[in-house]
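Let me begin by presenting the structure, written as structure tokens, before commenting on it.
The values are calculated or read from the model by the stated rules, or taken from the named source; none is laboratory data. Bear in mind that the values here come from a model prediction, so they are computed numbers and not experimental data. Cβ sites come from the backbone with ideal geometry, for glycine too, and all protein chains shown count toward neighbours. Accessible surface is based on the protein model in full, side chains and every heavy atom, while ligands, DNA and RNA are left aside. Shrake-Rupley method; radii C 1.70, N 1.55, O 1.52, S 1.80 Å.
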Amino acid sequence: RREDLPGGGPVPAIAAALDAVREAMVFVLAADLPALAPAIPALLAGLQGNSDADLACLAGADGRRNYLAAVWRTDALRGFVGELADPHGVPVRALVGRAATVEVSDEDGWGRDCDTWEELADARRRWTIREST
């Protein structure tokens with residue numbers, strides 16, 4: 001599924017995709033997180049380990065949460081999206097304002113995004129070093 005106005009941001013894309021979700025939990029992942037794969041089990045365990053939580057997301061050493069590296073309880077996400085009059089232009093933080101959140105430590109930089117060619121080159125160097133050790 002695709003959002004009604006392509007390029008409208010993550011929240012309209014999430015809203016459009018929710019109709020197709022049939023599982024009890026759904027991952028919300030940005031496409032510019034190339035090192036994210038090892039975080040998937042940790043995110044899932046974080047949410048499954050806390051029955052009161054609505055979502056689990058990565059959190060860096062600086063305490064910054066990455067809401068586009070997260071797993072949600074589908075019903076909770078549907079509820080928060082449903083409360084929005086119009087998802088267009090709404091920041092992801094608006095979905096998590098009242099959500100009970102579990103932070104998953106991102107000490108390895110899984111949630112580090114690559115917005116520039118330099119950041120992508122740096123990510124590739126880090127992977128090469130990890131694979132050779």
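Based on Cα contacts under 8 Å between residues 6+ apart, the chain shows a relative contact order of 32 percent. The calculated pair-distance distribution of the range 34-120 uses every alpha carbon pair, bins of 5 angstrom beginning at 0, and gives 3, 15, 23, 21, 18, 12, 6, 2, 0 percent. Taking every protein chain into account, the accessible area of the range 65-129 amounts to 59 square angstrom per residue (probe 1.4 Å). The amide H of L58, built 1.01 Å from its N in the peptide plane, has N66, A69, V104 as neighbours under 5 Å, considering only residues 5 or more places off or on other chains.
The accessible surface of the chain, taken with every protein chain in place and a 1.4 Å probe, is 51 percent carbon and sulfur.
Using the rule -39500 (n - 2.57) for each DSSP H run of four or more residues, divided by the residues of the chain, the 222 nm mean residue ellipticity is -10500 deg cm²/dmol. Neighbours of A99, meaning other residues whose beta-carbon lies under 15 angstrom from its beta-carbon, give a summed charge of 0 when Lys and Arg score +1 and Asp and Glu score -1. As a length-normalised measure over Cα pairs under 8 Å and 6 or more apart, the relative contact order of the range 28-103 settles at 37 percent.
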